[in-house]
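Colleague: Questions regarding the structure given below will be posed in turn.
A short reminder: the numbers here are calculations on the coordinates, not readings from a lab. Note that the structure is a prediction, hence the values are computed from the model and not measured. Virtual Cβ from ideal backbone geometry, glycine too; neighbours counted across all protein chains shown.
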Amino acid sequence: MTTFIEEFGLIWGAFLATLTLTAVSGVLALVWGTALATMRVSPVGPLRSFGTAYVELVRNTPLTLMFFFWVFVAPSFGLLFPELGFWPAVVALTLYTSSFVCEALRSGVNSVGIGQAEAARSIGLTFGQTLSQVVLPQAWRTSIPPLISVLIALTKNTSVAAGFAYTEIVAIQQRLTNAHPSDGFFIFFGLALMYLVITIPLGVLAGQVERKVAFAR
Amino acid sequence: MSGSVLYDAPGPRAKRLDRILNWTFSLAFVAIAAWIAYAWYQRGIFDDRWAILWDPPKNQTAADVWMSLARGLGNTLKAAAIAAPIALLIGGGIAIIRRGARTRWLSGPAAVTTELARGLPVLMLMFLAKLVFGWSPLWSVVFGLVVYNAAVVAEILRAGLAALPKGQREAGLSIGLSTMRTTLLIELPQAVRIMLPALVSQIVVLLKDTSLGYIVAYPELLRTIKNNRDYFGDQYVIPLFLVGASIYILINMGVSRLATFIERRLREGGGGRGLTPPEIGPTGPIPQSGVGGPAREEGAHAGDPVFAAGRRPESQPVPQRRPGETEEERRRQAYYGDPTSQSIRHNTGGEPGAR
């Protein structure tokens with residue numbers, strides 16, 4: 001217990017590090033994931049194939065493998081990060097999470113009633129107009145709860161960065177537990193609380209949004 | 001001709017545009033690939049480093065390299081094989097307690113435990129077991145996997161139990177079974193059946209999460225690759241990584257395919273009882289999962305009709321509104337086909353595009 005109070009500066013820094021990593025890679029994953037989702041429903045064949053292949057491949061890859069690639073393998077290909085830690089983690093998490101963002105958005109698009117798109121087309125809207133004016137505004141609403149779930153998963157996934165030279169909550173857990181073995185339990189529960197502080201409000205928010213946007217189609 | 005409703009069947013101009021776009025993007029992709037390959041060639045990626053796979057340096061034989069990789073894969077599978085059954089058993093137990101227990105004293109703590117276990121990173125649990133309990137790397141990995149996946153399995157089964165028709169439970173209780181026995185004997189087998197695809201997808205997540213063993217020094221596949229790379233030198237990391245990544249992806253894709261296959265079987269043939277797997281909410285397990293999301297692909301093939309992902313093709317005729325027909329009828333027909341041939345399982349399909 002005393003360890004937790006004494007080392008609180010360190011712990012607070014780790015909490016902020018986790019938050020930063022989550023926020024940066026979350027925003028980037030949303031952008032790239034939306035682009036992927038657009039590719040997957042677009043009328044252009046090669047783009048569709050690319051989106052499908054990307055999602056298939058990345059969803060079946062362990063996140064640790066993704067990190068391993070950017071930290072140990074990419075330098076051999078000439079992709080070198082100025083420093084280890086933050087940016088490789090952002091890239092790995094963004095590329096990984098975007099495939100789940102893409103699937104969440106696509107399932108939202110799939111849930112929009114078929115009549116909506118037909119109505120849009122019948123009044124002469126093009127593909128781009130149908131998608132942006134009619135389908136996406138509705139798909140977006142149904143996609144918010146699964147998107148929040150993806151963000152919750154992302155928050156927990158940032159912990160993998162602990163194994164690749166980024167000092168966030170789990171890395172601090174490892175360091176503090178090694179230094180004060182007898183306090184291991186307190187450290188675990190204290191740090192677990194920091195994750196729950198992020199994930200539980202997000203989960204509650206998702207539940208509320210879902211109740212709010214749940215409407216009969 | 002992809003059948004999507006997002007865009008029209010192409011006319012002559014659209015077809016020409018389509019062809020141009022197809023060629024442009026195909027060429028662009030080929031050009032990018034060629035450029036990357038050339039850049040790699042410049043950096044000497046295609047030199048003799050690949051020989052590590054058949055004629056490795058340092059007086060090692062190819063068999064040594066492959067045997068070490070095989071041992072790593074064996075350890076990966078061992079951790080998954082130990083963790084999966086335990087997680088399923090505990091998860092099932094929690095789901096039964098939450099459904100069948102008559103007092104809040106039992107179901108309350110079970111609910112809180114699942115929520116907590118689901119909200120924590122798997123890696124944190126592994127470190128807890130390794131550093132605080134002092135367990136061996138294998139059992140630390142198993143501990144992390146079991147705690148997290150048991151909670152998720154419990155959530156999946158809870159969603160399945162909640163989706164069953166109420167009559168099942170009432171029937172069980174009315175013939176004098178206790179709530180616990182009703183849950184165990186009558187509801188659980190049906191819940192497992194409809195949630196089987198989700199459960200199999202969860203196995204993929206578990207398999208992917210075994211790679212976290214790399215961080216807690218469990219000698220699984222990824223750690224073996226790292227060890228080989230440390231021994232032979234950094235230039236050999238590319239071939240080794242490629243082999244490892246292919247193994248992971250092939251295994252996971254295989255299991256994902258199994259989940260999709262089961263899902264299709266259930267939807268096409270086994271749905272006769274009028275059960276459809278429920279959508280699992282935001283706090284539920286489907287998109288949210290530790291390090292992996294479940295890798296299931298509904299209609300994940302290029303050219304799939306965008307709106308028909310979870311739907312059987314015969315159930316979506318082009319909806320046409322005939323004079324005198326109400327909007328409601330038209331919609332029902334569009335979803336369920338001709339009302340005269342409407343079968344029971346269509347009836348309970350709910351929102352057809354949903355799953």
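Colleague: Averaged across B:207-214, how many Cβ atoms of other chains sit within 10 Å of each residue's Cβ atom?
Modeller: For this peptide, the per-residue mean of nearby foreign Cβ atoms is 5.
Colleague: Between Rg and the Kirkwood Rh of region A:1-80, both from Cα atoms, what is the Rg to Rh ratio? Don't skip to the end; give the middle numbers.
Modeller: On the way: Rg = 18.6 Å, Rh = 15.9 Å.
Across region A:1-80, the Cα-based Rg/Rh ratio is 1.17.
Colleague: How shielded is B:246-252 by partner chains, expressed as the average number of their Cβ atoms within 10 Å of its Cβ atoms?
Modeller: For this peptide, the per-residue mean of nearby foreign Cβ atoms is 3.
Colleague: Using mean Cβ contacts within 10 Å as the protection proxy, how do B:155-161, B:32-38, B:247-253 order, highest first?
Modeller: Result, highest mean Cβ count within 10 Å first: B:155-161, B:247-253, B:32-38.
Colleague: Apply the membrane-span-like helix rule to chain A: whole DSSP H runs, Cα extent along the own long axis of at least 30 Å, mean Kyte-Doolittle hydropathy at least 0.5. List the helices found.
Modeller: Values: long enough: A:8-41 (48 Å, 1.59); A:86-111 (37 Å, 0.82); A:184-213 (43 Å, 1.51).
Helices passing the filter in chain A: A:8-41, A:86-111, A:184-213.
Colleague: A further question follows. Mind checking B:92-98 for the average number of partner chain beta-carbons within 10 Å of each residue's beta-carbon? Let's see the in-between values first.
Modeller: Values: counts 0, 0, 0, 0, 0, 0, 0.
Mean shielding by partner chains, rounded to a whole number: 0.
Colleague: If you don't mind, another one. If each DSSP helix of 4+ residues adds -39,500 (n - 2.57) and the sum is divided by the residues in chain A, what number results at 222 nm, nearest 500 deg cm²/dmol?
Modeller: Value at 222 nm, helices only: -24500 deg cm²/dmol.
Colleague: With the contact rule set at Cα under 8 Å and sequence spacing of 6 or more, what percent relative contact order holds for chain A? The partial results should precede the final answer.
Modeller: On the way: 228 pairs, mean separation 62.5, N = 217.
So the answer I get is 29 percent.
Colleague: Still on this structure, please answer the following. From the cross-link list B:Lys58/B:Lys78; B:Lys130/B:Lys226; B:Lys78/B:Lys226, which pairs have alpha carbons spaced over 25 Å apart? Kindly include the intermediate steps, with their values, before the conclusion.
Modeller: Numbers: B:Lys58/B:Lys78 30 Å; B:Lys130/B:Lys226 21 Å; B:Lys78/B:Lys226 19 Å.
Among B:Lys58/B:Lys78; B:Lys130/B:Lys226; B:Lys78/B:Lys226, the Cα-Cα distance tops 25 Å for B:Lys58/B:Lys78.
Colleague: On a straight-distance basis, which lysines could pair with A:Lys212 in a cross-link, Cα separation under 25 angstrom, same-chain partners fewer than 8 positions away excluded?
Modeller: none
Colleague: Taking a cut-off of 16 Å between Cα atoms, list the lysines near A:Lys156, but don't count ones fewer than 8 places away on the same chain.
Modeller: B:Lys208
Colleague: Apply 1/(1 + (r/R0)^6) to the Cβ-Cβ distance of A:Trp140 and B:Asp18, taking R0 = 45 Å, and write down the FRET efficiency to the nearest 0.05. Kindly include the intermediate steps, with their values, before the conclusion.
Modeller: On the way: r = 28 Å, r/R0 = 0.62.
It comes to 0.95.
Colleague: Follow-up question, since we're still on this one. Counting every Cα pair in region A:60-139, what percent are over 20 Å apart? Before the final figure, lay out the partial values.
Modeller: Values: 1668 of 3160 pairs.
Everything past 20 Å amounts to 53 percent.
Colleague: What number do you get for region B:1-113 when its Cα radius of gyration is normalised by 2.2 N^0.38 Å, N = residues?
Modeller: Ratio of Cα Rg to 2.2 N^0.38 Å: 2.14.
Colleague: What is the dipole size for region B:51-164, taken about its Cα centre, with +1 at each Lys and Arg Cβ and -1 at each Asp and Glu Cβ, in debye to the nearest 20?
Modeller: 480 debye
Colleague: Moving to a separate point now. B:Ser246 to B:Trp35: FRET efficiency via 1/(1 + (r/R0)^6), r the Cβ-Cβ distance, R0 25 Å, to the nearest 0.05?
Modeller: Working from the Cβ atoms, E equals 0.60.
Colleague: What translational diffusion coefficient, in µm²/s and rounded to a whole number, does the Stokes-Einstein relation yield for region B:78-206 at 25 °C and a viscosity of 0.890 mPa s, taking the hydrodynamic radius as the Kirkwood radius over Cα pairs?
Modeller: Translational diffusion coefficient: 160 µm²/s.
Colleague: Once the dipole of chain A is set up with Lys and Arg at +1 and Asp and Glu at -1 on Cβ about the Cα centre, which of A:Phe72, A:Val197, A:Val109 lies farthest towards its positive end?
Modeller: A:Val109
Colleague: Here is a further query. Could you give me D for region A:2-213, from Stokes-Einstein at 10 °C and 1.306 mPa s, where the hydrodynamic radius is the Kirkwood radius over C-alpha pairs? Units µm² s⁻¹, please.
Modeller: Estimated via Stokes-Einstein, D reaches 83 µm²/s.
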